[in-house]
Each structure stands twice: as C-alpha cells, then as structure tokens.
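Where a number appears in this text, it was derived from the coordinates with a stated rule and is not lab data. Everything quoted here is computed from the prediction, not taken from an experiment. FYI the Cβ positions are ideal-geometry reconstructions off the backbone, even for glycines, and counts take in every protein chain you see.
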C-alpha cells in the first residue's frame, strides 16, 4: 500500500541485478553502480510520478557526484513514450532509462508507482518510499544525508 513515507522494512536487501537501456540504446548494468543510488520506478502515465520528476532532477543536480538518481521508466512503449516526455520536461540531470518488461519493477516488488529505493554504495537497500513524496523537503534531504554520510 503506498504511504508516501520512508519505509525501512526492507533495509538490507540487495539491489537486484538488471540491464537497462536508455532511449539511445546505451546499456546500464547493476555492476556499473558503485555510488549511493536513489532508484525511482516511474511511468509517463502516472500523475504522481510526473509530479516528482522535476524534484528528482533538482535532487540529482544538488547531489551530483555523491548520489546517483536513477529514474527507470516502467512504460511498456519504452523509448516511444519516454523520449518525448524527457524532451518536453527538459530534465538536465536525469537519464531516460527503460525497463519496458518491468523486470526491475517486479524484482523490487510492490507494483506501486512511483516506488523509490535508496541503496548505499554497496548496493544494499537503506529505505524506500512507495507513492508520491516531496523530494524537495528537508525530511528528504536529512534522510539522504544520513544514509550517504554527508
């Protein structure tokens, strides 16, 4: 059930293995991540997801080099849906990663969008938020800072 609150009940779980592609066909594998990562599962048709994107873009800018903000679309239309969405939104700090088969979504579980999971540099879950969250809030910054040690 989406609460829109930080949930530590799955802390300690390992980040699932994945292989994502962006709208240009570039590949990202789980093994390439070695910094704290805020992984956001979203879709273009999900109103709370769309509302969060500018906030996540600003977060990615603010934490550049200290936190990877990884937005992963669950749109079944893949690049056809996501490329125009990113072009229109003008997100300067986010990359349009695709998971059209929802493999990563199923591996993380819950089936709720947005779902955002913070992983430490070792790929271990720290906490998650299911449902809409205010990523511009002081609470968000404090929770991220505590988790990544800044």
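Most exposed first by the Cβ proxy, i.e. fewest other Cβ within 10 Å, how do 113, 15 rank?
15, 113
Just check the chain against the gyration tensor rule for me: Cα atoms, a ≥ b ≥ c as the square roots of the eigenvalues, rounded for a/c under 1.5, and otherwise prolate or oblate depending on whether a/b exceeds b/c.
Values: a/c = 1.34, a/b = 1.26, b/c = 1.06.
In terms of gyration-tensor shape, rounded.
Between region 110-150 and region 1-59, how many Å separate their Cα centres?
9
Between residue 50 and residue 80, how many nm apart are label points set 7 Å from Cα along the C-beta direction?
Rounded to a tenth, the inter-label distance reads 1.9 nm.
Count the DSSP beta bridges whose two residues both fall in the chain, then state the antiparallel fraction as a percent rounded to the nearest 5. Don't jump to the answer; show the numbers that get you there.
Details: 18 of 26 bridges.
Roughly 70 percent of the beta bridges in the chain run antiparallel, per DSSP.
As an exercise, find the ratio Rg/Rh for region 1-55 from alpha-carbon atoms, using the Kirkwood inverse-distance average for Rh.
Reported Rg/Rh, Kirkwood definition of Rh: 0.99.
Relative to the longest principal axis of the C-alpha atoms of the chain, give the angle of the C-alpha long axis of helix 138-148, reported between 0 and 90° and rounded to the nearest 10°.
Roughly 80 degrees, rounded to the nearest 10.
Take 41, 55 and order them by how many other Cβ atoms sit within 10 Å, fewest up front.
Fewest-to-most ranking of 41, 55: 55, 41.
Please label the shape of region 110-150 as rounded, prolate or oblate, based on the square roots a ≥ b ≥ c of the eigenvalues of the alpha-carbon gyration tensor (a/c under 1.5 means rounded; beyond that, a/b larger than b/c means prolate, else oblate).
Taking the square roots of the gyration eigenvalues as a ≥ b ≥ c, region 110-150 is oblate.
Please identify, among 87, 43, 58, the residue showing maximal mean-square fluctuation in a Gaussian network model of the chain using a 10 angstrom Cα cutoff.
Highest fluctuation of the listed residues: 87.
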